[in-house]
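Scroll down for the structure; my scribbles are underneath it.
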Amino acid sequence: MMMMMTVVLSAALLLLIPGTLTQSIKLLPIDVVVKTSSNDIDPLTFSTHVADRGILLGALNRLMDTNANFKFTYSDNPNFGPYLESVNGVAGNDTQHTYWKLQVKTADGKVITPDVGIGCYIPKANEQIILTFSKW
Ligand SMILES: *[C@@H]1O[C@H](CO)[C@@H](O)[C@H](O)[C@H]1NC(C)=O
C-alpha cells in the first residue's frame, strides 16, 4: 500500500514539473533594482539568482534570505495572487495612491512591464527586475 502511494506521488510530481524537483536546481543570475521614485537617481541594486524556470517570488525570497539590506512583504490576492506590498519598509497605500511597480529590463536592454505579478513572472538570465515606488 505504502509503496503504491509512493509511486503515484512520484508520477504526479513528474507530471507537474518533469525533472526539476528531483535534479539539483540550475540558478540564473538576475539583478533586483529598488527605486524609491520614478526619478530616483541613486537606486539600490542587488544581485541574486532565480531558479531556471522559477518564479520571481522565489528569487525575491532568496535575496531576502541572503541579504540583510533587502526585505519585502506581499499579500495574497484571491484573484491576482501574490501582490507586492512593501519593499525595505516602504508600503504602497491605496489612500495615498501609491504602489510598487514591477518592470523588467531584459538582457537586450528593453524595459517591459510584465502583465503578471511576482508570483507568475519567470525571469530569464541577466534580467534586471526594477521595483519602483510609484503613484497611480
Ligand atoms: C495610508 O495612508 C493614510 C493617509 O495618509 C493613512 O491614514 C493610513 O494609515 C495608511 N495606511 C496604511 C496601511 O499604512
Among 29-37, 64-72, what's the highest-first ranking by average C-beta atoms within 10 angstrom per residue? 29-37, 64-72
Roughly how many debye, to the nearest 20, is the charge dipole of segment 27-135 about its Cα centre, given +1 on each Lys and Arg Cβ, -1 on each Asp and Glu Cβ, and no other charges? 100
Run the simple label-point estimate for Thr45 and Ile25 please: 7 Å along Cα→C-beta, distance reported in nm. 2.5
Kirkwood Rh in Å, taken over segment 27-135 so that all alpha-carbon pairs contribute: 14.0
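I'd like the antiparallel share, as a percent to the nearest 5, of DSSP beta bridges with both residues in segment 28-136.
Percent antiparallel among DSSP bridges in segment 28-136 is about 85.
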Which of the aspartates and glutamates could a cross-linker span from Lys110 if the Cα-Cα distance has to be under 16 Å and same-chain partners fewer than 8 positions apart are dropped? Asp31, Glu127
Calculate, in nm to one decimal, what Ile122 and Asn67 gain on full extension: separation in residues at 0.36 nm each, minus their alpha carbon distance. 17.7 nm
Here the relative contact order (percent) of segment 23-136, from C-alpha pairs under 8 Å and at least 6 apart, is 32
Once both labels are modelled 7 Å past Cα along the beta-carbon direction, what's the Arg53-Ala91 spacing in nm? 3.7
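Since every read-out is calculated from the coordinates, none of them should be taken as a lab result. Keep in mind that this is a model prediction, so the values were computed, not measured. When we count neighbours, we look across all protein chains shown, and the Cβ atoms used for this are built from the backbone with ideal geometry, even at glycine.
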